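K.L.:
Let me give you the structure first, and then I'll get to my questions.
The values are calculated or read from the model by the stated rules, or taken from the named source; none is laboratory data. What you are looking at is a predicted structure, and each value in this text was computed from that prediction instead of being measured. Neighbour counts are summed over all protein chains in view; Cβ atoms, including those assigned to glycine, are modelled from backbone coordinates with ideal geometry.
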Amino acid sequence: MVVVEESHLSIHTWPEHSYAAVDFFTCGECVPGRAHEVLKQGLGAETSELMLIKRGLLSSPASMQMMEHSVEEQRDGAQRTTDLKRTSSTVRVDVQVDEEHTATCSVQH
C-alpha cells in the first residue's frame, strides 16, 4: 500500500503487454523515489523508468524542469541503471484553446 498526502497517484495498465505506467503527482515535502521503489517491488517489475519533473516554476521562463530520468533493468540477477537525463533539461508546454475548444500545443526544450 502507498499512502499519499496532498497528492495523487494513477496507474494505467496494459496487461497484454505486461506494462504499467504510473503517474505520481506530489506537493509539499516528499521523496517520490520511495514510492517508485515500493511500486516497482509490488508490481514485480524487471524494468522500470523514473522521470522526476518539477512543475509550476512560476518565476522561471519555463514552467517545468526535468530533475531525473533513468531506467533500471534486472537481468540475470544483476541490476543495471542507465541515466537518460538530457543536458537540456527544461521543457515548456504552452496550450491555447480557441472559441471552438480546439487546443493548440507548442513544446520548447
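K.L.:
Which ones in region 31-60 are within 17 Å of Lys85 (Cα to Cα) and small (Gly, Ala, Ser)?
P.N.:
Gly33, Ser48
K.L.:
Conditions first: (1) modelled with pLDDT under 85; (2) surrounded by 12 or more Cβ atoms within 10 Å (Cβ to Cβ); (3) over 14 Å from the mean Cα position of the chain (by Cα); (4) not aliphatic (A, V, I, L, M). Thr26 passes all but one, so which condition is the exception?
P.N.:
Unmet condition: (3).
K.L.:
From Ser48, Ser59, which residue is surrounded by 10 or more Cβ atoms within 10 Å (Cβ to Cβ), without any contact (Cβ under 8 Å) to a residue 40 or more places away in the chain and among the small types (Gly, Ala, Ser)?
P.N.:
Ser48 is the lone residue from the list that is surrounded by 10 or more Cβ atoms within 10 Å (Cβ to Cβ), without any contact (Cβ under 8 Å) to a residue 40 or more places away in the chain and among the small types (Gly, Ala, Ser).
K.L.:
Given the residues Ser89, Ser70, Ser106, which is the only one that is over 20 Å from Ser7 (Cβ atoms), surrounded by 14 or more Cβ atoms within 10 Å (Cβ to Cβ), at pLDDT below 75 and of a type outside the set (D, E, K, R)?
P.N.:
Every option except Ser89 fails the conditions.
K.L.:
Name the pairs whose Cβ atoms lie under 8 Å apart, with the first residue in region 1-12 and within 13 Å of Leu43 (Cβ to Cβ) and loosely packed, with under 11 Cβ neighbours inside 10 Å, the second at pLDDT 80 or above and of a type in the set (A, V, I, L, M), and 6 or more positions between them or separate chains?
P.N.:
If the second residue must be at pLDDT 80 or above and of a type in the set (A, V, I, L, M), the pairs left are His12/Ala20; His12/Ala21; His12/Val22.
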